[in-house]
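Here, each number is a calculation from the coordinates, and none is a lab measurement. Note that the structure is predicted; figures quoted are calculated from it, not measured. Heads up, the Cβs are rebuilt from the backbone with ideal geometry, glycines too, and the neighbour counts pull from every protein chain shown.
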Amino acid sequence: MYKLKYHKRVVKFINSRNPQEKRRIKDKFIQLMENPYPTNTQIDIKNMINRNGYRLRVGNYRFIYDIVEDELIIYVEYAGNRGDIY
């Protein structure tokens, strides 16, 4: 199982959400830790086209992350609303 690391702006973004949205985001991250690749059909993950990494969709929110395979770490770099993140 992978470990999650967050950039401080991602932590700030998540903490500014209401409790229901935080719960939904947390549930998606738990599923992400099991399989962080687009082959995971339980959650919406896509490869990024213009940069390295992957995109996780949670409702109207998008999370951009990269995987450090040799350390089994998922580093979540960016978080935001759909129109703001790209």
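General observations
- Cβ-based exposure ranking for Phe29, Phe63, in which fewest neighbours within 10 Å come first: Phe29, Phe63
- Calculated log₁₀ intensity ratio I(q)/I(0) where the Debye formula runs over C-alpha points of the chain, q = 0.21, 0.25, 0.27 Å⁻¹: -1.02, -1.49, -1.71
- Label-to-label distance, nm, for residues given as Glu69 and Lys3 (7 Å Cα→Cβ offset): 2.0 nm
- Estimated from helices alone, the mean residue ellipticity of the chain at 222 nm is -9500 deg cm²/dmol (sum of -39500 (n - 2.57) over DSSP H runs with n ≥ 4, per residue).
- The chain: most fluctuating residue of Gln20, Gln42, Gln31 per GNM, C-alpha cutoff 10 Å: Gln20
- Debye log10 I(q)/I(0) for the range 1-40, one point scatterer per Cα, at q = 0.24, 0.34 Å⁻¹: -0.87, -1.09
- Between helix 19-34 and the chain: long-axis angle, C-alpha atoms, 0 to 90°, nearest 10: 0 degrees
- Count of Lys pairs (Cα-Cα under 15 Å; at least 8 positions apart or interchain) in the chain: 7
- With contacts taken as Cα pairs under 8 Å at a separation of at least 6 residues, the range 3-81 carries a relative contact order of 33 percent.
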